[in-house]
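A short reminder: the numbers here are calculations on the coordinates, not readings from a lab. Remember, it's a predicted structure, so these values are computed and weren't measured experimentally. Using ideal geometry, Cβ is built from the backbone for each residue, glycine included, and neighbour counts are taken over all protein chains shown.
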Amino acid sequence: MTEKIFKLEPWAPEVKNVAENLIKTIKSVVPELEVLFMGAAALELPGKNDIDLDILCDHKDIEYYREKLIPILGMPKEINNDLTAWNYELNGFEIDLILSDPKTSHVPIQQKVFENLKNNNMLKEEYKKLKIECDGVPYAEYERRKIEFFENKILSNED
């Protein structure tokens, strides 16, 4: 089996249009739910040019909303008691979409990281530099460095 390599792609402005249109489609079916667009593409940074979306609902409603979303998103790649996840391609972009309860999911930490990067140009530039330096390294190494950066540079400064 070949080891997966992190390949940096320049940020593509079309990624935002595809994300916004997908969010509109989701909101047309479940207007009451919050949909978050986070990740490198939302920050206009180079990366995989994938679209990371989180749809938030109460834990007890995950199954209900999953059934409402399947007609527009297709069959999920993962279903369990805590979340539903979709992964597919749309207009040339990889879509990673998770339906979960923010009280029991990755979302609060991801939001802190995203907001800190969005609001701090120095941190954002440092993250961009890390991504550029990781171009061509094994994907697991890129993930390790990224998590280390988030923990040491962003989350360690939280109250």
Once you charge only the Cβ atoms, +1 for Lys and Arg and -1 for Asp and Glu, what is the size of the charge dipole of region 66-159 about its Cα centre, to the nearest 20 debye?
160
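Do you know the relative contact order of region 75-159, to the nearest whole percent, from alpha carbon pairs under 8 angstrom that are 6+ apart? Kindly include the intermediate steps, with their values, before the conclusion.
Details: 56 pairs, mean separation 14.1, N = 85.
For region 75-159, the relative contact order is 17 percent.
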Taking 18 Å as the cut-off for C-alpha to C-alpha distance, list the pairs among K124/K146; K7/K48; K77/K112 that go past it.
K77/K112
Rounded to whole Hz, the Karplus (6.51, -1.76, 1.60) HN-Hα couplings of region 20-30, x for glycine and proline
4, 5, 5, 4, 4, 4, 4, 5, 5, 9, 9
Along region 70-78, what does the Karplus equation 6.51 cos²θ - 1.76 cosθ + 1.60 (θ = phi - 60°) give for ³J(HN,Hα), rounded to whole Hz, x for Gly and Pro?
4, x, 9, 10, x, 6, x, 7, 9
Step through the residues of region 83-89 one at a time and calculate ³J(HN,Hα) from phi using the Karplus curve (6.51 cos²θ - 1.76 cosθ + 1.60, θ = phi - 60°), rounding each to whole Hz and writing x for Gly and Pro.
6, 10, 10, 10, 8, 7, 10
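Convex hull over the alpha-carbon atoms of region 14-157: what's its volume per residue in Å³?
Roughly 121 Å³ of hull volume per residue.
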For M38, distant residues with modelled amide H under 5 Å away
D52, D54
Long-range HN-HN contacts of W11 with modeled amide H, under 5 Å:
G47
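Using helices alone, I'd like the mean residue ellipticity at 222 nm for the chain: each DSSP H run of four-plus residues gives -39500 (n - 2.57), total over residue count, nearest 500. Display every interim value, and only then the final one.
Numbers: 5 runs with 65 residues, N = 159.
Per the formula, -13000 deg cm²/dmol.
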